[in-house]
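Please read the structure below before turning to the comments.
The values are calculated or read from the model by the stated rules, or taken from the named source; none is laboratory data. Since we're looking at a predicted model, the values are computed, not measured. Virtual Cβ from ideal backbone geometry, glycine too; neighbours counted across all protein chains shown.
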Amino acid sequence: MNSVIDFDAFVSERARSVDTSGIRRVFELGAKLKNPINLSIGQPDFAVPDAIKQATIRAIESDRNGYTLTQGVPELLGAISRHLGSDVGWRVPSDDLNVIVTSGTSGALWLAFMAILNPGDECIVADPYFVLYPALGQVTGSSVVACDTYPDFRLTAARVEPLITNRTKLLLVNSPSNPSGVVLNSGELRELVDLCERRGILMISDEIYDEFTYDDARENGQCPSPARLTDQLLLVRGFGKTYGCTGWRMGYVAGPRLIIQQMQKLQQYTYVCAPSMAQVGLAGAFDVDMSAHVAAYKRKRDMVLEAFGGVTTVEHPGGAFYAFVEVPSRLKVSGSMFCERAIEQNVLVIPGKVFSRRDTHLRLSYAVSDKTLRAGLDILVRLMR
């Protein structure tokens, strides 16, 4: 049927301002390849632990399938409160702090930006950045200001302070980082916390990869976190990456009660609540030992560093499961062009420009089997020589 309606006229400027994720474009290319070596996917390759699966199944069978309170189910809220008490020393809940369970950490970030930023406000993020961050600014009418952190990908107070204006409202810190895997140390975080307090800026600490921090980046056995230095920030964490349940869309955010209450109000009219059965099933997740998986990913990280040693530059990933690999300048090609060459060889990696204003790197995920990783690394290294 031919339509006389011009549907293009119905698309909002808000929607037009947001481009399709470059990661999704690579996924679409991969769907056209036969058995690609896929180093592009940012999710764990291990199964959800049985204890969590069974707890979730029991929740479904017990008819925990309806709406929950917007804030979350009591079992999970209590578990999060206890975990934050032991991990970062926060008293949650208390007179000044609160928690809300969200539809993934992306849901937490959407709610935070919607609750805090007005059109014209500014948020500073590191470049390279997670692909969601610029879109958050476009949808809220705010400006996401990219702080150049090349070549070491460390977001420092010295780099951030010159970018602060009278419109700066937020500093978004992502450590361990996607796409670089770089982990900031407590000294760097202290300087960022002090800067935010001195300049009246709210920090959001996106710690979705906190569990996947390797022993060479941990401090006192833990992922360095600004939440151990202050409770005057929004702490965003999640379950999907840690426990392999990315499709369950489960995250949480803790911080000042006033901000959390505004986010909770917005959640009532958007996500309503995080998935009910997943909330119940994950209430015991903090007791599940994931150290064997973390150790396995550290070994894969070391495989990546060894493979590219003497070939190109890879800043040391202290966490997450990514490497941000520089395309050698001697090749005289951009990161995007190199990724096209890799795709021709049946290897899927993400161009660095998806995460950055520069097009000099590629991101690979080593959350794959050793066999797949070795095969992909062999081809990438050959293309770089």
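The helices (runs of 4 or more DSSP H) found entirely in segment 47-122 that carry 1 or more residues being in contact with a strand residue (DSSP E or B) (Cβ under 8 Å, 6 or more places away or on another chain) and more than 19 Å from F286 (Cβ to Cβ) are 104-116.
As a summary of the residue check, R330 satisfies the conditions (1) surrounded by fewer than 22 Cβ atoms within 10 Å (Cβ to Cβ); (2) touching a Lys or Arg at 6+ places or on another chain (Cβ under 8 Å); (3) without any contact (Cβ under 8 Å) to a residue 60 or more places away in the chain except for the one numbered (2). Scanning segment 246-270 for residues that are in a loop (DSSP other than H, G, I, E, B) and surrounded by 18 or more Cβ atoms within 10 Å (Cβ to Cβ) returns R249, M250.
Restricting the first member to segment 25-47 and to residues that are at positive phi, and the second to residues that are at pLDDT 70 or above and not hydroxyl-bearing (S, T, Y), the beta-carbon pairs closer than 8 Å and six or more apart or on different chains are N35/N346.
Please specify each residue of segment 215-224 satisfying the condition of being touching a helix residue (DSSP H, G or I) at 6+ places or on another chain (Cβ under 8 Å) and under 17 Å from R237 (Cα atoms). Listed by number, the residues that qualify are Q222, P224.
Exactly one residue out of A108, A9 is of a type in the set (A, V, I, L, M, F, W, C) and modelled with pLDDT of 95 or more, and it is A108. Whether any residue in segment 178-185 is part of a loop (DSSP other than H, G, I, E, B), of a type in the set (G, A, S) and either closer than 16 Å to A320 by Cβ or assigned by TED's automatic domain parsing to the domain that holds V304 (or both) is what I want to check. Yes - at least one qualifying residue is present in segment 178-185. Return yes when G200 is surrounded by fewer than 17 Cβ atoms within 10 Å (Cβ to Cβ), under 20 Å from H316 (Cα atoms) and without any contact (Cβ under 8 Å) to a residue 24 or more places away in the chain and no when it is not. No, not satisfied.
When A274, A323, A342, A278 are checked against the criterion of being of a type in the set (A, V, I, L, M), in a helix (DSSP H, G or I) and touching a strand residue (DSSP E or B) at 6+ places or on another chain (Cβ under 8 Å), a single residue qualifies: A342.
Candidates G85, G141: the one that is on the phi > 0 side of the Ramachandran plot and either over 21 Å from the mean Cα position of the chain (by Cα) or hydrophobic (A, V, I, L, M, F, W, C) (or both) is G141. Looking across A126, A115, A135, one residue alone is outside the structural domain of I350 (by TED's automatic domain parsing) and surrounded by 20 or more Cβ atoms within 10 Å (Cβ to Cβ). It is A126. When the test is whether a residue is among the hydrophobic types (A, V, I, L, M, F, W, C), assigned by TED's automatic domain parsing to the domain that holds R91, surrounded by fewer than 23 Cβ atoms within 10 Å (Cβ to Cβ) and touching a residue at least 12 places away in the same chain (Cβ under 8 Å), L229 passes it.
Taking F355 as the residue in question, decide whether it is in contact with a His (Cβ under 9 Å, 6 or more places away or on another chain) and under 20 Å from V125 (Cβ atoms). So F355 fits the description; yes.
Residue-by-condition table, conditions (1) modelled with pLDDT of 95 or more; (2) among the aliphatic types (A, V, I, L, M); (3) within 22 Å of V101 (Cα to Cα); (4) surrounded by fewer than 24 Cβ atoms within 10 Å (Cβ to Cβ):
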site	(1), (2), (3), (4)
D216	yes, no, no, yes
P224	yes, no, no, no
G244	yes, no, yes, yes
H293	yes, no, no, yes
Y297	yes, no, no, yes
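Here A342 passes the criteria (1) crowded, with 16+ Cβ neighbours inside 10 Å; (2) free of Cβ contacts under 8 Å to residues at least 60 places away in the same chain; (3) assigned by TED's automatic domain parsing to the domain that holds V253 except the one numbered (3). Could you look through segment 155-175, keep only residues that are among the basic types (K, R) and not in a strand (DSSP E or B), and pick out the one that is farthest from L233 (Cα to Cα)? Going through the qualifying residues, I end up with R159. Residue under question is S365, and the condition is that it be more than 24 Å from D216 (Cβ to Cβ) and in contact (Cβ under 8 Å) with a residue 24 or more places away in the chain; does it hold? Answer is no for this residue. For Q43, the criteria (1) in contact with a helix residue (DSSP H, G or I) (Cβ under 8 Å, 6 or more places away or on another chain); (2) at pLDDT 95 or above hold in every case but one, which is (2).
The single condition from (1) over 21 Å from the mean Cα position of the chain (by Cα); (2) among the polar types (S, T, N, Q); (3) under 30 Å from V145 (Cβ atoms) that Q345 fails is (3). Yes or no: E188 touching a Ser or Thr at 6+ places or on another chain (Cβ under 9 Å), acidic (D, E) and outside any loop (DSSP other than H, G, I, E, B)? Yes; evaluated as a whole, the condition is true for this residue.
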